[in-house]
1. Within region 104-132, take every residue that is farther than 17 Å from residue 29 by Cβ and in contact with a helix residue (DSSP H, G or I) (Cβ under 6 Å, 6 or more places away or on another chain) and give me the one that is surrounded by the fewest Cβ atoms within 10 Å (Cβ to Cβ).
2. For a quick check of your reading of the model, give me the residue pairs whose first member lies in region 116-127 and is closer than 16 Å to residue 55 by Cα, whose second is outside any helix (DSSP H, G or I), with beta-carbon atoms closer than 9 Å and at least 6 apart or on different chains.
3. Given the criterion surrounded by fewer than 20 Cβ atoms within 10 Å (Cβ to Cβ) and touching a helix residue (DSSP H, G or I) at 6+ places or on another chain (Cβ under 9 Å), identify the matching residue among 70, 101.
4. Tell me, which residue of region 76-85 that is under 15 Å from residue 36 (Cβ atoms) and touching a helix residue (DSSP H, G or I) at 6+ places or on another chain (Cβ under 9 Å) is surrounded by the most Cβ atoms within 10 Å (Cβ to Cβ)?
């Protein structure tokens, strides 16, 4: 897709494809790393800008879009390596917005997979609306 499609917010939606992609990175990094008192691998500005409760506030240029595409892959690969090489222990239990309590890293991983699946569904719906 092109830059304008990645930024488009169709009627009845409150975000766009690039926001959804960046949001799953932000949530993954927050939950996996910050809940376990580790330093996130993604830039903190990405985490702040796309965390829970945010929405798109600007038009994202091609370079930023490409960076988010690279981060989708690299943060997942890095997380897998980190989980194999380090002990991840949830510091404080965390209650998600849907009332799922996360107390162990395995629960955090399962929840991030669930969360990413939800946003994949939104991205698919956005694509269908944009490509009509």
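1. Looking at residues that are farther than 17 Å from residue 29 by Cβ and in contact with a helix residue (DSSP H, G or I) (Cβ under 6 Å, 6 or more places away or on another chain), I get 122.
2. Between residues of region 116-127 that are closer than 16 Å to residue 55 by Cα and residues that are outside any helix (DSSP H, G or I), the close pairs are 122/13; 122/15; 126/8; 126/9; 126/10; 126/13; 126/15; 126/16.
3. 101
4. Going through the qualifying residues, I end up with 79.
Read the figures in this text as sums done on the coordinates, not as results from a lab. Note that the structure is a prediction, hence the values are computed from the model and not measured. With ideal geometry, Cβ positions are generated from the backbone for all residues, glycine too; neighbour counts draw on all protein chains shown.
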